[in-house]
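Asker: Structure incoming, see below.
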Amino acid sequence: MKNTVVVGAQWGDEGKAKITDLLAEKADFIIRYQGGCNAGHTVVANGKTFKFHLIPSGILYKNKTCLIGTGTVILPEYFEQEINGLIADGIDVSGLKISPLATITMPYHTEIDGYSEDNAKKGKIGTTKKGIGPTYTDKMARIALKIQDLYSPETLSEKLDIILPLKNKQLKEVYGLEPYTKECLTALCEKYAEIFRPYVWFDWQKGMEDFKKAGKSILFEGAQGVMLDVDWGTYPFVTSSNPIGGGASVGSGYGPKVIEEVIGVAKAYVTRVGEGPFVTELNNEVGDKIREIGHEYGVTTGRPRRCGWFDAVTMRYAVLVGGLTSVALTKIDVFDTFDEIKVCYAYKDTRNGKIYETYPTDVFMHKYLEPVYETHKGWKTDVTGLRSYDELPDNAKKYISCLEELLGVKVSILSVGPDREQTIFI
Ligand code: GDP
Ligand code: IMO
Ligand code: MG
């Protein structure tokens, strides 16, 4: 298998984990490269459902190395819960490794995230409250703790002396939250050290070099999606990391030339959780129908997902900035009973009639945009049992060709249901 990145091409929850799990069968080394336990990744294997947040979706196969990479942020208690759940399910987790350079989410990060969300009068983001933004903020401000710090008491002590005065001032004066003592954080870090100890990959440089030299195949697993990317998404209504294809290189430590394919995972429609612009959103019975048939409720927070028609404007943009070389189209079965299916190919500015075929990046102006649609006839056939492209009804084939034409890349994988088996490789 070529070294491949799996990237969300919309606003997350596209079915990335299903695609990662499928491709992981042929990969040797699977790296989750960004994000944290804000992600909720579902894999349905042989009728059993697994939900992952931080642990790479490749963990269900034996004899694979699965790395929680340097670009991730890790909430220790959440990680502990997830790994214990897998062990209780009888999953072999001996292939799991954690980069010593990954960043730790501390209790004050989740407190600040919760406070900011609960008290936002304007510009609420609708985060998962898992401390993601505040952790990445500290990483960029160069005052974050890394996994490796937990195993060096001297480094930890020096770093806490730098971090604590700043953090406590911020906690008290900006947020009105309780400050932390060095003793309290040191004790917490001792506990975290034990949680992570069996998995920390201290020998990662040799390990990563060996994988590369031996020509082993590497699968890079993205979380979230291009439109939630901190640089390229609907900023500020985004997460705080880089899910785009390029993020795989930064977050894993393998150079861009190691990557050979970037598969963008997209639903046949669009969903979004949290706040922010969504031009094709359907606040009507069609949106409700998509939500109910597609079971569109968040894996991490249980929130109902906002639903809308496929948006080829943002998706073409995702092909460009996400570096997509092909698309895995998921959940087309959700449309099996629909008479017609719409695809947005342009936006119209209601103030002056201006048509946008490329994505307008000032998202505060999106409230003035309305979608311009082309309408396709539904196929009115149950496609969940189909396993080859040739078996697809003509209207489904036409719909897929239309998307390929609008996006300028091919659909390489088609998903017709949540199970591993319900997949068509084109
Ligand atoms: P991720 O975050 O991108 O991995 O996606 P989520 O797990 O949050 O959400 C995708 C949901 O759709 C999960 O419940 C999957 O089991 C389900 N799913 C994935 N592919 C398909 C598909 O082709 N058809 C249907 N009906 N469900 C799918
Ligand atoms: P997966 O990997 C969908 C959204 C949140 C919020 C914004 C910022 O399952 O696709 P954060 O907690 O990251 O600071 O929240 O990003 N968000 C996701 N939406 N799927 C996800 O992950 C998401 N992770 C974060 O809802 O709008
Ligand atoms: Mg998800």
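The values are calculated or read from the model by the stated rules, or taken from the named source; none is laboratory data. Note that the structure is a prediction, hence the values are computed from the model and not measured. Using ideal geometry, Cβ is built from the backbone for each residue, glycine included, and neighbour counts are taken over all protein chains shown. Remember, those area values only see protein heavy atoms, side chains included, never the ligands or the DNA or RNA. Shrake-Rupley method; radii C 1.70, N 1.55, O 1.52, S 1.80 Å.
Asker: Quick one: His295 ticks every box in (1) open to solvent by less than 30 Å² (accessible area, probe 1.4 Å); (2) out of contact with any Lys or Arg (no Cβ under 9 Å at 6 or more places or on another chain); (3) within 15 Å of ligand 2 (Cβ to nearest atom) bar one, so which box is it?
Answerer: (1)
Asker: Taking the criterion of being over 30 Å from Asn168 (Cβ atoms) and in contact with a Phe, Trp or Tyr (Cβ under 6 Å, 6 or more places away or on another chain), would at least one residue in region 92-102 satisfy it? Can you show your working first?
Answerer: Initially, region 92-102 is screened for residues over 30 Å from Asn168 (Cβ atoms), giving 92-97.
Add one more test, that the residue is in contact with a Phe, Trp or Tyr (Cβ under 6 Å, 6 or more places away or on another chain), and what stays is 96-97.
Checked against the condition, which is being over 30 Å from Asn168 (Cβ atoms) and in contact with a Phe, Trp or Tyr (Cβ under 6 Å, 6 or more places away or on another chain), region 92-102 yields at least one hit.
Asker: Another question, if that's okay. Which ones in region 358-385 are outside any strand (DSSP E or B) and within 17 Å of Met227 (Cβ to Cβ)? Spell out how you get there, then give the answer.
Answerer: Here is the first cut: in region 358-385, the ones outside any strand (DSSP E or B) are 358-368, 378-385.
Matches in region 358-385: Thr358, Tyr359, Pro360, Thr361, Asp362, Val363, Phe364, Met365, His366, Lys367.
Asker: Within region 38-67, can you find the residues that are assigned to a strand (DSSP E or B) and within 16 Å of ligand 1 (Cβ to nearest atom)?
Answerer: Correct list: His41, Thr42, Val43, Val44, Ala45, Lys48, Thr49, Phe50, Lys51, Phe52, Cys66.
Asker: Let me ask something else. Inside region 23-71, can you point out the residues that are away from ligand 3 (no atom under 14 Å from the Cβ), open to solvent by 30 Å² or more (accessible area, probe 1.4 Å) and over 28 Å from Glu209 (Cβ atoms)?
Answerer: Asn46, Gly47, Lys48, listed by residue number.
Asker: Of all residues in region 175-202 being over 30 Å from the mean Cα position of the chain (by Cα) and among the β-branched types (Val, Ile, Thr), which is nearest to Ala27 (Cα to Cα)?
Answerer: Thr186
Asker: Of the residues Val286, Val270, Val279, only one is β-branched (Val, Ile, Thr), in the same structural domain as Thr325 (by TED's automatic domain parsing) and within 23 Å of Asn38 (Cβ to Cβ); which?
Answerer: Of the residues listed, the single one that is β-branched (Val, Ile, Thr), in the same structural domain as Thr325 (by TED's automatic domain parsing) and within 23 Å of Asn38 (Cβ to Cβ) is Val270.
Asker: Then there's this: Would you tally the residues in region 203-238 being of a type outside the set (A, V, I, L, M), in a loop (DSSP other than H, G, I, E, B) and more than 26 Å from the chain's Cα centre (by Cα)?
Answerer: Residues in region 203-238 being of a type outside the set (A, V, I, L, M), in a loop (DSSP other than H, G, I, E, B) and more than 26 Å from the chain's Cα centre (by Cα): 2 in total.
Asker: For region 240-249, which residues satisfy the criterion of being part of a loop (DSSP other than H, G, I, E, B) and either out of contact with any Ser or Thr (no Cβ under 8 Å at 6 or more places or on another chain) or open to solvent by less than 20 Å² (accessible area, probe 1.4 Å) (or both)?
Answerer: Within region 240-249, Ser241, Asn242, Pro243, Ile244 qualify.
Asker: If only one of Ser217, Ser252 is surrounded by 21 or more Cβ atoms within 10 Å (Cβ to Cβ) and not charged (D, E, K, R), which one is it?
Answerer: Ser252
Asker: Can you pull out every residue in region 390-426 that is open to solvent by 70 Å² or more (accessible area, probe 1.4 Å) and over 13 Å from Leu22 (Cβ atoms)?
Answerer: Listed by number, the residues that qualify are Asp390, Glu391, Asp394, Lys398, Glu405, Lys410, Ile426.
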